[in-house]
Amino acid sequence: VGPSGQGKSTLMDLLMGLFEPSTGRLVYSGIPINSSNVGWYQSNISHLPQSPVILDRSIRENITLYKKFDQELFDHCIDLACLTSLLNTYGPDHLCGDRGSLLSGGQRQRIGLARCLYFNRPLLFLDEATSSLDSETERKILTSLLRSTSTIVSITHSIDNLHIYDNVIDITKI
């Protein structure tokens, strides 16, 4: 957490291996990350930005991105991302529109989250990924995620739900 311009997104970019640190090193599971293995490291990451890319395809296609379809996994991701009511209303084959124009901002964010979960990677990076959600939905999603995903790194301006995280870093105090 911290105010705009303090380096939160830059820190996340560094943690995602988008560039190498000028001092120190990035280590994952005891393995130093460098240019020769950064691809392997990044294959362990799902990233959800504030405005996820939504294709002019169905909800199902936006979540699975044409990966082999697994109904049980799909249903689990829908549940964790609080998309059940959307799918009950429109169905999984509902078209999202160009850049998600037929969806609300919160629906786009939750579809992006379900996509991250569908790929089932051990690291989940959230960059203001719940900014379009009300506090209660955000709490419900984050609580479920913290029970089901091994590691979450989250940038947020929302202080309402900080108490659910194991560790909180106020970047202004580093």
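The values are calculated or read from the model by the stated rules, or taken from the named source; none is laboratory data. Note that the coordinates shown come from a computational prediction; the quantities given were computed from them, not determined experimentally. Cβ sites come from the backbone with ideal geometry, for glycine too, and all protein chains shown count toward neighbours. Each accessible area value is taken on the protein alone, full model and side chains, heavy atoms only, with ligands, DNA and RNA left out. Shrake-Rupley method; radii C 1.70, N 1.55, O 1.52, S 1.80 Å.
Structure notes:
- Karplus (6.51, -1.76, 1.60) ³J(HN,Hα), θ = phi - 60°, over segment 74-90, in Hz, Gly and Pro reported as x: 4, 4, 4, 5, 4, 5, 4, 8, 6, 9, 4, 5, 5, 6, 5, 7, 10
- For Lys67, the aspartates and glutamates whose Cα falls under 18 Å of its own Cα, not counting residues fewer than eight places away in the same chain, are Asp56, Asp75, Asp93.
- Extended-chain gain in nm, criterion 0.36 nm per residue less alpha-carbon gap, His94 and Ser22: 21.3 nm
- The mean of 1/r over all distinct Cα pairs in segment 35-174, once inverted, gives the Kirkwood hydrodynamic radius of 15.6 Å.
- Overall shape: oblate for segment 101-174, with the ratio a/c of the largest to smallest alpha carbon gyration tensor axis at 1.5 or above and b/c at least equal to a/b.
- Relative to the Cα centre, the charge distribution of segment 111-168, modelled as +1 at Lys and Arg Cβ and -1 at Asp and Glu Cβ, gives a dipole magnitude of about 300 debye.
- Helix axis angle, 135-148 relative to the chain longest principal axis, alpha carbon, degrees: 70 degrees
- Label zone at Ser43, where the point sits 7 Å out along the Cα-to-Cβ direction: segment 97-116 residues whose backbone N lies under 19 Å: 116
- Under 29 Å from the Cα of Lys8 - lysines, other chains or at least 8 residues apart: Lys140, Lys173
- Computed from the C-beta positions of Thr84 and Val153 and an R0 of 35 Å, the FRET efficiency is 0.85 to the nearest 0.05.
- Percent accessible area from carbon and sulfur atoms, segment 99-174, protein chains only, probe 1.4 Å: 47 percent
- Each stretch of four or more DSSP H residues adds -39500 (n - 2.57); spread over every residue of the chain, this sum gives -10500 deg cm²/dmol at 222 nm.
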